[in-house]
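Everything below concerns the one structure shown next.
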Amino acid sequence: MKIFVSHAAVDHALANQFVNLLYEGTGFAKTDIFCSSIAGSIPTGEEFVQIILQHLAEAGMVVLLISSPFLQSQFCLAETGAAQMRKQSGSLERIFPLVIPPAKLDDLKGFLLGSQAALITDQTALGSIRRGGLKSGSFGGDESTVSTTASSVSQTHAYGEAIWALIASF
């Protein structure tokens, strides 16, 4: 499964931390996660809008890092709308809206109407991204098989530590 991480440009440092969390804590390959703030993700001289749309179209999961600047960004709102349309048509498996403090869940109002959102500080919500990858087979097996291996136990522990480190940065 490919993951698309949508974020406001000013939140690039947080987006990079979040992507590192996904790499280190879930087993997703770097080629399976697209985030426009990662160096080299958009080659020099390329049309960035086309690259972003291509990766958004290929994603099976879209993670929205919703901050106050995200809510003010027409580009972020357009990415969200495109993800919602793909979800509605059945061509996108999951949308994970994660709200970044000081933004609040109440700030979403009609935005993402009907979608369950969570604060990025919610460890259970972050863990659901990992479980989503397990169910899709991104870790080379189903959840029951993978969770019984020693490497999965170690990976789960490392993911938990990484989540707490990310949460502590708020």
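Among the residues of segment 55-77, those identified as more than 19 Å from Ala13 (Cα to Cα) and either of a type in the set (Phe, Trp, Tyr) or surrounded by 14 or more Cβ atoms within 10 Å (Cβ to Cβ) (or both) are His55, Leu56, Ala59, Gly60, Met61, Leu77. Taking the listed residues Leu92, Leu126, Leu98, Leu71, the one that is part of a helix (DSSP H, G or I) and within 16 Å of the chain's Cα centre (by Cα) is Leu126, with no other qualifying. For segment 12-26, the condition holds for no residue, the condition being that it is among the hydroxyl-bearing types (Ser, Thr, Tyr), without any contact (Cβ under 8 Å) to a residue 12 or more places away in the chain and not in a helix (DSSP H, G or I). The set of residues in segment 5-25 being touching a strand residue (DSSP E or B) at 6+ places or on another chain (Cβ under 9 Å) and either within 23 Å of Ser73 (Cβ to Cβ) or not aromatic (Phe, Trp, Tyr) (or both) consists of Val5, Ser6, His7, Ala8, Asp11, Leu14, Ala15, Phe18, Val19, Leu22. All told, Ile52 meets the bar of being within 16 Å of Ala8 (Cβ to Cβ), modelled with pLDDT of 90 or more, hydrophobic (A, V, I, L, M, F, W, C) and part of a helix (DSSP H, G or I). Restricting to segment 78-110, and then to whatever is surrounded by fewer than 15 Cβ atoms within 10 Å (Cβ to Cβ) and of a type outside the set (Gly, Ala, Ser), can you tell me which residue is modelled with the lowest pLDDT? If we take residues in segment 78-110 being surrounded by fewer than 15 Cβ atoms within 10 Å (Cβ to Cβ) and of a type outside the set (Gly, Ala, Ser), then Lys109 is modelled with the lowest pLDDT.
The values are calculated or read from the model by the stated rules, or taken from the named source; none is laboratory data. This one's a predicted model, so the numbers in the text were calculated from it and none came from an experiment. In this analysis, Cβ positions are derived from the backbone assuming ideal geometry, glycine residues included, and neighbour counts consider all displayed protein chains.
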